[in-house]
1. Pick out, from the stretch 124-194, the strands (runs of 3 or more DSSP E) lying fully within it that include 2 or more residues that are closer than 30 Å to Leu231 by Cα and either out of contact with any helix residue (DSSP H, G or I) (no Cβ under 6 Å at 6 or more places or on another chain) or not β-branched (Val, Ile, Thr) (or both).
2. With surrounded by 14 or more Cβ atoms within 10 Å (Cβ to Cβ), of a type outside the set (S, T, N, Q) and more than 28 Å from the chain's Cα centre (by Cα) as the only criterion, which of Lys203, Lys165, Lys197 stands out?
3. What's the total number of residues in the stretch 76-111 that are in a strand (DSSP E or B) and among the β-branched types (Val, Ile, Thr)?
4. Go through the stretch 148-166 and count every residue that is among the polar types (S, T, N, Q) and under 15 Å from Glu107 (Cα atoms).
5. For Ser61, only one of the following conditions fails: (1) within 30 Å of Ile29 (Cβ to Cβ); (2) surrounded by 12 or more Cβ atoms within 10 Å (Cβ to Cβ). What is its number?
6. In the stretch 206-233, which residue that is of a type in the set (D, E, K, R) and under 16 Å from Glu191 (Cα atoms) is nearest to the chain's Cα centre (by Cα)?
7. Just name the residue that is nearest to the chain's Cα centre (by Cα) out of those in the stretch 1-27 that are at pLDDT below 75 and hydroxyl-bearing (Ser, Thr, Tyr).
8. Looking only at residues in the stretch 112-123 that are outside any helix (DSSP H, G or I) and out of contact with any Phe, Trp or Tyr (no Cβ under 9 Å at 6 or more places or on another chain), which one is surrounded by the most Cβ atoms within 10 Å (Cβ to Cβ)?
Amino acid sequence: MEFFNSQESLTTIQWVLRAIFAYFFMLIIAKAMGQRSISQLRLLDFVIALIIGNIIAHPLSDEKLGLKGSMISMIVLVVLYATSIFLSLKFNKLRTFIDPSPFPLIENGQIIYKNLGKAKISLDYLLSETRKEKIDDIQKIALALWEPDGTISFFLEQKYQSITKKDLQIKGEKFSLPRTIIKEGKIDINELKKTNKDEVWLKNKIKTTYHVDISEILLATVDMNGQIKVLLY
């Protein structure tokens, strides 16, 4: 464990070991921070990511610095991060500071120009985001909100919204997400069990319907009605 401590110089293998150790330690840290910090890089997440990245970078590039101090600092930061998240759920003022409320950028087809400055975005950026949502006219937008994670939520005027089955009073089937039961030629036993089917049923169904072996299938899904869709290699 000499690579763990500060040295006058490190051998090539010690540098490699230090990098490997830091890599897996960072995976543990990321796991401890939870999915929120990965999927939504908000104010608190951004600050923590910058600090942690800076802390771990130094011992990975300077042999005179040991890993122990960096690891202790990172553990303390993760504890502070988790505590801040917990407290923000309890205290509204802290939650508002960490995750501020969204504010409008467009209302009733009118751009609120002063709020573009508040969001620190340009008019060109706003127009770019509308194009990504396939909105060709600002006046079609009833409300556009700047969200705490730096995204924009768009809501169209009712007359420009897509017609749904409910609008036409058409009764639709209950939504059911198809389950992936075969991936890359292998049966996913756990997913298959959730459909209340077994391997015998699956193999017979594949054989009689598609006339192929399981090993020839790239992807196969099954819906709530037992209908199987197959993609071959």
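1. Where strands (runs of 3 or more DSSP E) fall fully within the stretch 124-194 and carry at least 2 residues being closer than 30 Å to Leu231 by Cα and either out of contact with any helix residue (DSSP H, G or I) (no Cβ under 6 Å at 6 or more places or on another chain) or not β-branched (Val, Ile, Thr) (or both), they are 179-183.
2. Among Lys203, Lys165, Lys197, only Lys197 is surrounded by 14 or more Cβ atoms within 10 Å (Cβ to Cβ), of a type outside the set (S, T, N, Q) and more than 28 Å from the chain's Cα centre (by Cα).
3. Qualifying residue count for the region: 2.
4. Residues flagged as among the polar types (S, T, N, Q) and under 15 Å from Glu107 (Cα atoms) within the stretch 148-166 amount to 2.
5. Going through (1) within 30 Å of Ile29 (Cβ to Cβ); (2) surrounded by 12 or more Cβ atoms within 10 Å (Cβ to Cβ) one by one, Ser61 breaks only (2).
6. By that ranking, first place goes to Asp223.
7. My answer is Ser6.
8. Applying the filter and picking the extreme gives Ser122.
The values are calculated or read from the model by the stated rules, or taken from the named source; none is laboratory data. These numbers come from a predicted model, not from an experiment. Every residue, glycine as well, gets a Cβ built from its backbone with ideal geometry; the counts of neighbours run over all protein chains shown.
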